[in-house]
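K.L.:
Structure incoming, see below.
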Amino acid sequence: MILLLALRNLAHRPWRSALLFLGYGLGVGVMIVLLAIGEALIAQASDERLVGGGELTVLPEGLDVEVMKTGGLGGLFFSITNARFVQLQLLAAPRLARDVRAVAPQIEGRLLYLRLPDGREVPVRATGEVPSATRAVGAMPALADGRWEDDAGDRRWMAPNAAELRHAIDHFHRPPVGVANPASWGEWHYFNVLSADRRRWAFVTLLIAGQIGAADSAGRPRWGGQVLVTTHAEGGGSRRFSTDHPPDAVRFSTSDADLRLGASSVRVLADGRYAVRARAAAEDGSGEVVDVDLVVTPAERAYFPGATLASGDFASGYAVAGLRAEASGSLCVGPGAAPARCERYAGAQSYHDHNWGTWQGVTWEWGATRAGAYTILYGRVQPPDSLGTGAPLFVYVTDSLGFRALFRPRAIRYDDARTVTVGGRTIRVPARGVMEDVRGRDTLRLELLVEDATATDTRTALVERGEGAYARRLGRPYFVQMKGTARLSGRMGGAPVSGTGAGFFETYR
């Protein structure tokens, strides 16, 4: 009877019946989808291969969560580059203190190989966590026995003191195995210091270079160290001082930032300051020497943690431990036994970075400057195999709370309205440079006004930033160093920003 009534109703009102059937079908379909999503969420929430705890999970950009879970080819080696920087300068930084209660770094299900005493290797799945941090986000597993507490390594990772942080980002490196041009390897500490009236400045480099540990057929070492100091006066030219050191006078370490080259040295003090001593002879044959004795104090949170670029046979690493720093001490010039002419510094503007890599045929754009309350680092490295393309440019901005913003301008627009003379030849160099970028709601305009410039022909001499004889076939052989003023304007985080300050800039012509 019910079937008969249904058929007659369908025949009497076919369109109304069809509409009812369609609505009922859509309702059933939506319910099926919702139930399926709910089941998937429950399955993922209980999946042991997903990191638990907290309200948000930070993963590498572009990572497919399902690939991470199933161990697909794209998920074999995922990691967050400079995770400690993300921890210290972003997630756990003072800027987010009102929004972030706790942060827990975790490595889940990483494939490792355990080598047994009999030489066999066994694949294992490893997990790494900081106990106190994992407990703070509510992800601490139940312990069957014993205690699980932070050790010294956990503390250094989560909350390093100033000296530990310097050593972590400023230590030395060994050339990669199999690098094509080991003789072009160079690594150095670089410092600059500016006088209070901004009319005199100095660049100080302590460098090791060459094929470290190697010797030629006659037993002569293929590597060594060099101390290089250049003094500058606005409108008054520059002077170069340098002294080479054999390997037995060199001390460096891959676990700390300390470096010794004979009587010259860089030491990280217990409070995180740098003690810099440099002694070198004038290259002009005058017989004078320069003696640098500085204590450089980096500003808290104003640092760049370091990055390594690799392209073919090229490798370049760069870290800035003192993006905004102050220097106190002296720089003296004169005959070795006679009273010297000294420049005294007390809280002078300063900067410190660390470079390493193979530098054959490499050029760069670089600048480090203050702009009011902001400190800015910009640059790019141009490997020798990218002559037909432009390497990406970055502008890195910090303030008193640490990292503030990152921009990627397409280019620096230079106005080559100045001239300098190098080896009897006049070349044009920048008088002004402009960088602009838009990142969502953030905007940047950075204008560089050059007050003084010098150039070095890389085909005839070493220069402050690591160039050597292996760079003498550069398409743009003139290395240009500039001092000037930077003007910052734009918006960051929805708020307007502006500032003006002094800085140093570099390019090639």
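The values are calculated or read from the model by the stated rules, or taken from the named source; none is laboratory data. Quick caveat, the model's predicted, so the values are computed rather than measured. Every residue, glycine among them, receives a Cβ derived from its backbone with ideal geometry; neighbour counts consider all protein chains shown.
K.L.:
Determine if the range 358-378 includes at least one residue that is more than 28 Å from the chain's Cα centre (by Cα) and under 22 Å from residue 484 (Cα atoms). Spell out how you get there, then give the answer.
P.N.:
Of all residues in the range 358-378, those more than 28 Å from the chain's Cα centre (by Cα) come to none.
No, the range 358-378 contains no residue that is more than 28 Å from the chain's Cα centre (by Cα) and under 22 Å from residue 484 (Cα atoms).
K.L.:
If you check 145, 99, 118, 154, which single one turns out to be of a type in the set (Asp, Glu) and surrounded by 15 or more Cβ atoms within 10 Å (Cβ to Cβ)?
P.N.:
Exactly one residue qualifies, and that residue is 154.
K.L.:
Among the residues of the range 124-162 satisfying the criterion of being over 30 Å from residue 270 (Cβ atoms) and among the polar types (S, T, N, Q), which is modelled with the lowest pLDDT?
P.N.:
127
K.L.:
What are the residues in the range 217-243 that are under 16 Å from residue 480 (Cα atoms), touching an Asp or Glu at 6+ places or on another chain (Cβ under 8 Å) and of a type outside the set (Ser, Thr, Tyr), if any?
P.N.:
Result: 232, 234, 235, 239, 240.
K.L.:
So, of the residues in the range 348-371 that are outside any strand (DSSP E or B) and in contact with a Ser or Thr (Cβ under 6 Å, 6 or more places away or on another chain), which turns out to be farthest from residue 273 (Cα to Cα)?
P.N.:
Result: 360.
K.L.:
May I ask you to say which residue of 274, 318 is touching a Lys or Arg at 6+ places or on another chain (Cβ under 8 Å), aromatic (Phe, Trp, Tyr) and closer than 18 Å to residue 355 by Cα? Lay out the reasoning, then the answer.
P.N.:
Details: 318 fails: touching a Lys or Arg at 6+ places or on another chain (Cβ under 8 Å).
The match here is 274.
K.L.:
Here is a further query. When both residues are 6+ apart or on different chains and their Cβ atoms are under 6 Å apart, which pairs have a first residue that lies in the range 390-410 and is of a type in the set (Ser, Thr, Tyr), and a second that is surrounded by fewer than 20 Cβ atoms within 10 Å (Cβ to Cβ)?
P.N.:
Here the result reads 396/406, each pair linking the range 390-410 to a residue that is surrounded by fewer than 20 Cβ atoms within 10 Å (Cβ to Cβ).
K.L.:
Do we have residue 210 as buried (at least 18 other Cβ atoms within 10 Å of the Cβ), on the phi > 0 side of the Ramachandran plot and out of contact with any Ser or Thr (no Cβ under 8 Å at 6 or more places or on another chain) here?
P.N.:
yes
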